[in-house]
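Reviewing the structure listed below.
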């Protein structure tokens, strides 16, 4: 009888220990998932930088280089302070800064040229699920040498963005989900600098429109617009 009671008690305590152990593993696992909620992506708008890569805490993130006018998907990183470096093909550090990642916080790092100097913008993202039939758009002036610009969007007769200089950027704003054309003019002389071909903007999508390149070039680094399309999935 005593042997049976002892065996029953042992099974009871063993069951408690197993429950506690499984609960601890579950909590640890869940906490680990929650820590990996901050995300970063890189947009290479710098002709001078050439192909680049991202190092986080001194470790290379991508197994490929990000060439001019290309960008990465969002990549998750643990919450907390991180060392962020943008490096060129020869592993030279172009940008070296820190970023504190937080849960459900997302960032885009734009690498661009300004008066023949490589710079960066670190912009928080908030791509909410969009309702209605509108698209969402923002504009960045990332051209190396273009002056202040006014940007028109057809069929509007007034400028959507006024006197934007290098490194200036807007917040997202709603726009009809139709085919539009963007035109950049010199804010002072009113001369046309470049024209974006007609582009269809989808309902609910987010668009980043940036001005890049050089005013006197006819090559890959010529002055023009570039468009990035995003959804609220942070992909």
Flag for residue 159 being touching a residue at least 40 places away in the same chain (Cβ under 8 Å) and part of a loop (DSSP other than H, G, I, E, B): no
Evaluation of residue 205 against (1) under 22 Å from residue 128 (Cα atoms); (2) surrounded by 20 or more Cβ atoms within 10 Å (Cβ to Cβ) (one fails), failing number: (2)
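I'd like to know if the stretch 199-206 contains one or more residues that are closer than 19 Å to residue 142 by Cα, in contact (Cβ under 8 Å) with a residue 60 or more places away in the chain and not assigned by TED's automatic domain parsing to the domain that holds residue 71. Step through it out loud before you land on a result.
Residues of the stretch 199-206 closer than 19 Å to residue 142 by Cα: 206.
Remaining after also requiring in contact (Cβ under 8 Å) with a residue 60 or more places away in the chain: 206.
Remaining after also requiring not assigned by TED's automatic domain parsing to the domain that holds residue 71: 206.
Yes, the conditions are met somewhere in the stretch 199-206.
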Scan of the stretch 173-196 for residues that are touching a residue at least 40 places away in the same chain (Cβ under 8 Å) and within 24 Å of the chain's Cα centre (by Cα), ordered by number: 174, 175, 176, 177, 182, 184
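The values are calculated or read from the model by the stated rules, or taken from the named source; none is laboratory data. In this text, all values refer to a predicted model and were calculated from it rather than measured experimentally. Glycine also receives a Cβ, built like all others from the backbone with ideal geometry; neighbour counts cover every protein chain displayed.
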